[in-house]
1. Please tell me if Val61 is modelled with pLDDT under 95, hydrophobic (A, V, I, L, M, F, W, C) and surrounded by 12 or more Cβ atoms within 10 Å (Cβ to Cβ).
2. Out of Leu100, Leu145, Leu150, Leu135, report the one residue that is surrounded by 13 or more Cβ atoms within 10 Å (Cβ to Cβ), hydrophobic (A, V, I, L, M, F, W, C), over 13 Å from the mean Cα position of the chain (by Cα) and at pLDDT below 70.
3. If the Cβ limit is 7 Å and pairs must be 6+ apart or interchain, which residue in segment 66-94 that is within 18 Å of Gln5 (Cβ to Cβ) and modelled with pLDDT under 95 pairs with which residue that is among the β-branched types (Val, Ile, Thr) and surrounded by fewer than 16 Cβ atoms within 10 Å (Cβ to Cβ)?
Amino acid sequence: MVAQQRLTIRQVNERLPLVQAIVRDIVELYADIVSRKLRLSSVHRRRPASSGAASMYEEEVVQMEEELLRDEQRLEAWQAELEQVGGHLTNASVGRVDFLSELGGDSVWLCWQPGESSVMYWHAGDCSESDRIPLCHETEGIQFLRTTDLGEPS
């Protein structure tokens, strides 16, 4: 894995138009892939492959599986595009993306997802929705708020 560059909030926000476009495609395709995998799994359970010559039905299933594989490869390519601009996709179903940054000498992740106009959250480790800590923007720079600070800037 290539070492990631630490990005500032400004750098992340400058990249968001491209990130938004990539993530929009990822979320849409991911939902479609999940849906098709469920349907294909259901088809396999109801009608296992026969041991004889390939039927028209089996050929159609093979075609569906090939299309699914191609779309999974497209998804991986879009994830690679995100990595090229410093983003790390952490949740394809909602489109959450993390960007490596630094706070007080410590590595942190700036966190963005669709519906947010700019990067507004950060976290230190693995992230769930409840782990996202709001950023507090001030005129002279950025102060970070920690949930344990009871609202006091650190």
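The values are calculated or read from the model by the stated rules, or taken from the named source; none is laboratory data. From a predicted model like this one, the values you see are computed outputs, not experimental measurements. Methodologically, a virtual Cβ is constructed for each residue, glycine included, from the backbone with ideal geometry; neighbour enumeration extends over all protein chains shown.
1. Working: modelled with pLDDT under 95: yes; hydrophobic (A, V, I, L, M, F, W, C): yes; surrounded by 12 or more Cβ atoms within 10 Å (Cβ to Cβ): yes.
Considered against the rule, which asks whether it is modelled with pLDDT under 95, hydrophobic (A, V, I, L, M, F, W, C) and surrounded by 12 or more Cβ atoms within 10 Å (Cβ to Cβ), Val61 comes out as yes.
2. Sole residue among the options that is surrounded by 13 or more Cβ atoms within 10 Å (Cβ to Cβ), hydrophobic (A, V, I, L, M, F, W, C), over 13 Å from the mean Cα position of the chain (by Cα) and at pLDDT below 70: Leu145.
3. Pairs that qualify, where the first residue is within 18 Å of Gln5 (Cβ to Cβ) and modelled with pLDDT under 95 and the partner is among the β-branched types (Val, Ile, Thr) and surrounded by fewer than 16 Cβ atoms within 10 Å (Cβ to Cβ): there are none.
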